[in-house]
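Undergrad: So that we are looking at the same thing, I have put the structure below in structure tokens.
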Amino acid sequence: HPSWRVPELLPPVARATPPPSAAPPVIVWLRAGDMRLTDNPALHAAAESGNPVIPVFIQPPRCEEGGWPLAGAAAYWLHHSLVALQHSLSRLGSAVVVRRAADCGGSSAAALAALAAESGSRRVYYNASFEPWLVRRDEALEQELASQGVRAKRCAGNVLYHPEDARP
């Protein structure tokens with residue numbers, strides 16, 4: 001359908017390299033449920049840090065998906081969500097970095113650690129997930145990043161209340 005087509009992005013603009021004295025950037029790890037600017041706690045926390053922000057989406061390996069790999073209509077939705085996010089960020093002079101975990105050591109943690117090393121970042125912000133397999137993955141990711149001197153900051157994400165605080 002023609003309404004599904006999004007205009008092509010313009011080629012990236014060459015940006016000047018920041019001076020060495022500039023504050024190191026912070027990384028915002030965006031996942032499938034985070035493809036928005038307006039109510040994204042991790043993105044807002046990173047922006048409030050005052051440091052340059054590097055938004056990144058990492059295509060996770062199947063083993064991190066808890067038996068629910070992204071496919072079919074969900075993959076189509078994610079593709080168009082990433083394109084829409086890229087357009088929103090380009091209007092702000094930014095862009096989303098897209099990486100495949102399989103190309104960066106095989107895990108989301110390895111891909112984030114590689115991007116942190118490449119960019120000089122010492123902080124990663126992300127929105128919490130509450131599926132048990134994702135909680136375990138995120139805890140392991142925080143430990144792996146900490147072992148490399150990168151601090152992870154988990155934000156509230158897509159919930160009004162933390163599930164442990166909810167009472168019937």
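Undergrad: Considering only the stretch 133-153, state which residues are over 12 Å from Glu64 (Cβ atoms) and open to solvent by 80 Å² or more (accessible area, probe 1.4 Å).
TA: Listed by number, the residues that qualify are Glu139, Gln143, Ser147, Gln148, Arg151, Lys153.
Undergrad: Same structure, new question: Got a sec? Which strands (runs of 3 or more DSSP E) wholly within the stretch 84-168 have at least 1 residues that are in contact with a His (Cβ under 7 Å, 6 or more places away or on another chain)?
TA: none
Undergrad: Sort through Ala102, Ala113 and tell me the only one that's buried (at least 18 other Cβ atoms within 10 Å of the Cβ), over 24 Å from Val159 (Cβ atoms) and of a type outside the set (Ser, Thr, Tyr). Before you say what the answer is, go through the steps one by one.
TA: On the way: Ala102 fails: buried (at least 18 other Cβ atoms within 10 Å of the Cβ).
Being buried (at least 18 other Cβ atoms within 10 Å of the Cβ), over 24 Å from Val159 (Cβ atoms) and of a type outside the set (Ser, Thr, Tyr) holds for just one of Ala102, Ala113, which is Ala113.
Undergrad: Output the residues belonging to the stretch 76-89 that are open to solvent by 40 Å² or more (accessible area, probe 1.4 Å) and either modelled with pLDDT under 90 or touching a Gly at 6+ places or on another chain (Cβ under 9 Å) (or both).
TA: Tyr76, Trp77, His79, His80 - these are the residues of the stretch 76-89 that are open to solvent by 40 Å² or more (accessible area, probe 1.4 Å) and either modelled with pLDDT under 90 or touching a Gly at 6+ places or on another chain (Cβ under 9 Å) (or both).
Undergrad: With respect to Ala73, is the statement that it is at pLDDT below 90, part of a helix (DSSP H, G or I) and over 18 Å from Arg151 (Cα atoms) true?
TA: Judged against the criteria, Ala73 is a match.
Undergrad: Please determine whether any residue of the stretch 76-85 is hydroxyl-bearing (Ser, Thr, Tyr) and over 19 Å from Ala46 (Cα atoms).
TA: Taking the stretch 76-85 as the starting set, the residues that turn out to be hydroxyl-bearing (Ser, Thr, Tyr) are 76, 81.
Retained after the next criterion (residues that are over 19 Å from Ala46 (Cα atoms)): 76, 81.
Yes, because at least one residue in the stretch 76-85 is hydroxyl-bearing (Ser, Thr, Tyr) and over 19 Å from Ala46 (Cα atoms).
Undergrad: Next question. Being of a type in the set (Ser, Thr, Tyr), in contact (Cβ under 8 Å) with a residue 60 or more places away in the chain, within 25 Å of Arg137 (Cβ to Cβ) and in contact with an Asp or Glu (Cβ under 9 Å, 6 or more places away or on another chain) narrows it down to one residue among Ser108, Ser121; which is it?
TA: Criteria check complete, one pass: Ser108.
Undergrad: Could you check Gly72 against (1) open to solvent by less than 70 Å² (accessible area, probe 1.4 Å); (2) farther than 16 Å from Ala32 by Cα and say which number it fails?
TA: With (1) open to solvent by less than 70 Å² (accessible area, probe 1.4 Å); (2) farther than 16 Å from Ala32 by Cα applied to Gly72, the lone miss is (2).
The values are calculated or read from the model by the stated rules, or taken from the named source; none is laboratory data. Since this is a predicted model, take the numbers as computed values, not measurements. Cβ coordinates were reconstructed from backbone atoms using ideal geometry, including for glycine residues, and neighbour counts include every protein chain displayed. Heads up: the accessible areas ignore ligands, DNA and RNA and are worked out on the full protein's heavy atoms, side chains in. Shrake-Rupley method; radii C 1.70, N 1.55, O 1.52, S 1.80 Å.
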